[in-house]
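Take a look at the structure set out below.
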Amino acid sequence: MVSIGYTDQITKFRVHVFQLCLIALCLIISIARFASKARTSRSHTWFFAVSLKSALVITYQLLSEHNYKFQKWASLKANAILNSLEFVFWFAGFIMMCMGNSAGCIGGSCALSPVLAVLSLVLCFIAAFAALVSMKDWRAEKRGGGMLASAGESNIKDDYGRGGMT
């Protein structure tokens, strides 16, 4: 199967690293929001929890795709489901932050809340892209019997270095 430019391994890796950078920024802003004396709302707690969850999910995907010791836990179906849920969680965070900001803000939250809203919207679009690519990979694997759309072929090997382990 021929690999299309936006679904190759290098592009997926770069997208995941970019996602991790934005998630780290969200986590830092959420911690800064907790450290300020302003009232903590449910949306700020949501961002903290979703940032941690997203960091764990993307770390799982990166390790299972690029580290030999973790490739036995690689699952394209799990990646497709997790990336689809990422989109839903970041969109819910955007909606919650917009609803919280419409009620008004006090102190330091006036500056941090819109930044978190914009970051969540950007992460929502990136998660939608990752979900579409991972769905495409999973369907290509189901159809082709182990052929990945993004890698060209399965690179998972057994303990003796033989290919084709599924």
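Read the figures in this text as sums done on the coordinates, not as results from a lab. Quick caveat, the model's predicted, so the values are computed rather than measured. Don't worry about glycine lacking a Cβ; one is built from the backbone with ideal geometry, like all the others, and counts go over all protein chains shown.
The Cα atoms of the stretch 31-93 give a gyration tensor whose axes a ≥ b ≥ c have a/c of 1.5 or more with a/b no greater than b/c, which makes the shape oblate.
When peptides 88-96, 110-118 are sorted by average Cβ neighbour count within 10 Å, with the highest value leading, the order is 88-96, 110-118. For the stretch 30-70, trypsin sites (Lys or Arg not before Pro) are listed when DSSP marks them as loop and at most 16 other Cβ atoms sit within 10 Å of their Cβ; the list is LYS37, ARG39. Label the stretch 1-113 by shape, choosing from rounded, prolate and oblate, from the square roots a ≥ b ≥ c of the eigenvalues of the Cα gyration tensor; if a/c is under 1.5 it is rounded, and otherwise prolate applies when a/b is larger than b/c, oblate when it is not. In terms of gyration-tensor shape, prolate. Answer rounded, prolate or oblate for the stretch 58-150, using the Cα gyration tensor with square roots of eigenvalues a ≥ b ≥ c: rounded when a/c is under 1.5, else prolate when a/b is larger than b/c, else oblate. It comes out prolate by the Cα gyration axes. Each peptide in 98-105, 58-65, 128-135, 14-21 gets a packing score, the mean of other Cβ atoms within 10 Å over its residues, and the list from highest to lowest is 128-135, 58-65, 14-21, 98-105.
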